[in-house]
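The values are calculated or read from the model by the stated rules, or taken from the named source; none is laboratory data. Small disclaimer: the values here were computed from a predicted structure and weren't measured. Please note: Cβ atoms are built from the backbone with ideal geometry, for glycine as well, and neighbour counts cover all protein chains shown.
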Amino acid sequence: MKNRIIYLLIIVGLLLSYFQSPGLAKENRHSSSLKETQDLNNLRELAPRVFIDCRGCDRDYFREHITYINYVRDRQDADIHVLITDQPTGSGGREYTFTFIGQKKFEGKQYTLVYNSRPTATRDDIRRGQVEVLQRGLFPFLLETPLSDYIYINFKERLEPTSVNDPWKFWIFSLSLEGNFQGEESRKTRSLEVNFSANKVTPEIKIRLGFSGEFDRRKYIYEEETIKTASDEKNFTGMVVKSLTEHWSAGAWVEAESSTYRNMDLYFTVAPAVEFNIFPYSESTRHQLRLLYRIGLIQNDYNEKTIFGKLKETLYNESLTTTLEIREPWGSMSASLEGSHYFHDFSKNRLQLRGFLSFRVFRGLSVDIRGRYERIHDQLSLPVGEASLDEVLLKIKELQTAYYYYFSIGFRYTFGSVYSNVVNPRFGEIRYRGWR
């Protein structure tokens, strides 16, 4: 009898457990899920706000692979301003410098990391490497937030650095060939472009050699008239630069050119040069102020007799170029002023001013300004005679001018939500100038 009572109690307990546990389990699961959602929402609110300041970076890729931060569209809203600058390397790749600038609660903190892409790197390789560097740079900031409880370290074993045995001695070669063919009833064009380069860049020396050729043929049909044009440009450029100190460099240029447009059968020049950089070269990704002086020997052989009655001549010239480049959190700018003249006649001179400025005026508003201006008094290769209407309209020959200018200005204003965390690729991007 006692055993029966025990069995009966066990059965009743199992029945009660069967009918009550689903509701309890469901309630527990709901409570756990709600708490997890609340925790995630709190983490999202506590996550640092990051502004990615980079030209040409794949920001959508960053958002997809670094999801634990808040992306903002203006640096003034950010806790961390990531400034990404780049410059070419001797191997043909690019060096990306990541400067992590703390703002607001991270004020005073700043870190710099560098990523070097290979010359054969695809766009996907580059953005993967950039994501890795971004995550490493964000790590010190995340340690000061509640997100630090969710961080774990995965150490990848690396080989000890050793000296490199390079059979190419740091030389990089590149060859390209491109043909272009276009046509319709009233016009046809075909062109061929050839490029070859050989470069060697080390901290001590920089050598760049390059050849390019462009061959263009065009045919236009208007009513009963047919116009055919031909334009050939061939150019070889060589440069050698020796690093002297953190501020001084010395080297030389050599250049040879043949151009139907410039009336040049052969243009040849060799010019030693010296350069002084007010800022250390090691800081070149952020700012440079360079003064470059060149003095050169020039040999000109012309296709046609020039307006000065020359078919060939030997000349000497000199030039001084000042270049300023700045990349800061407020924006970037570059400006170059160059003056040159021939020694046989100082009135044969040229003054060139180029500039670019991109800056953020205030939250959401940025302005881009580009410009170029030249005072031209050194067109020694102009041929005798007037250019035909075809040559003028089709830009087959260089024309006499005392100046050249170019100017553009544009602005962009963005407003609304400060966040930009979401990626949605559906339907692609809107094409503002029609659907073609």
Kindly indicate whether ASP232 is in contact with a strand residue (DSSP E or B) (Cβ under 9 Å, 6 or more places away or on another chain), not β-branched (Val, Ile, Thr) and not assigned by TED's automatic domain parsing to the domain that holds GLY355.
yes
In the set SER284, SER319, the lone residue that is at pLDDT 95 or above and either surrounded by 15 or more Cβ atoms within 10 Å (Cβ to Cβ) or not charged (D, E, K, R) (or both) is SER319
Checking GLU224 against (1) closer than 23 Å to GLN400 by Cα; (2) more than 27 Å from the chain's Cα centre (by Cα); (3) not β-branched (Val, Ile, Thr), which single condition isn't satisfied?
(1)
Please state which one of ILE326, ILE307, ILE298 is at pLDDT below 95, among the hydrophobic types (A, V, I, L, M, F, W, C) and either within 30 Å of PHE51 (Cβ to Cβ) or crowded, with 17+ Cβ neighbours inside 10 Å (or both).
ILE326
Selection count, the stretch 106-131, where residues are more than 19 Å from the chain's Cα centre (by Cα) and without any contact (Cβ under 8 Å) to a residue 40 or more places away in the chain:
5
Criterion first (modelled with pLDDT under 90 and either in contact with a His (Cβ under 9 Å, 6 or more places away or on another chain) or not β-branched (Val, Ile, Thr) (or both)) does GLY102 satisfy it?
no
Filtered residues of the stretch 259-288 (kept if part of a loop (DSSP other than H, G, I, E, B) and either among the basic types (Lys, Arg) or closer than 16 Å to ASN317 by Cβ (or both)):
ARG262, ARG286
Can you pull out every residue in the stretch 69-98 that is at pLDDT 85 or above and among the hydroxyl-bearing types (Ser, Thr, Tyr)?
TYR71, THR85, TYR96, THR97
Which residues, counting only those in the stretch 190-221, are among the aliphatic types (A, V, I, L, M) and over 25 Å from the mean Cα position of the chain (by Cα)?
LEU192, ILE221
Can you find a residue in the stretch 308-325 that is outside any loop (DSSP other than H, G, I, E, B), closer than 30 Å to GLN76 by Cα and of a type outside the set (D, E, K, R)?
yes
Does ASN277 satisfy the criteria of being crowded, with 17+ Cβ neighbours inside 10 Å, more than 19 Å from the chain's Cα centre (by Cα) and within 30 Å of PHE51 (Cβ to Cβ)?
yes
Here are some conditions: (1) buried (at least 18 other Cβ atoms within 10 Å of the Cβ); (2) assigned to a helix (DSSP H, G or I). ILE52 meets all but one. Which one does it not meet?
(2)
Against the definition (touching a Phe, Trp or Tyr at 6+ places or on another chain (Cβ under 7 Å), surrounded by fewer than 16 Cβ atoms within 10 Å (Cβ to Cβ), more than 30 Å from VAL274 (Cα to Cα) and modelled with pLDDT under 80), how does TYR419 come out, yes or no?
yes
Any chance you could count how many residues in the stretch 350-400 are modelled with pLDDT under 80, touching a strand residue (DSSP E or B) at 6+ places or on another chain (Cβ under 7 Å) and in a loop (DSSP other than H, G, I, E, B)?
2
I'd like to know if the stretch 348-369 contains one or more residues that are touching a Leu at 6+ places or on another chain (Cβ under 6 Å), of a type outside the set (Asp, Glu) and over 29 Å from THR97 (Cα atoms).
no
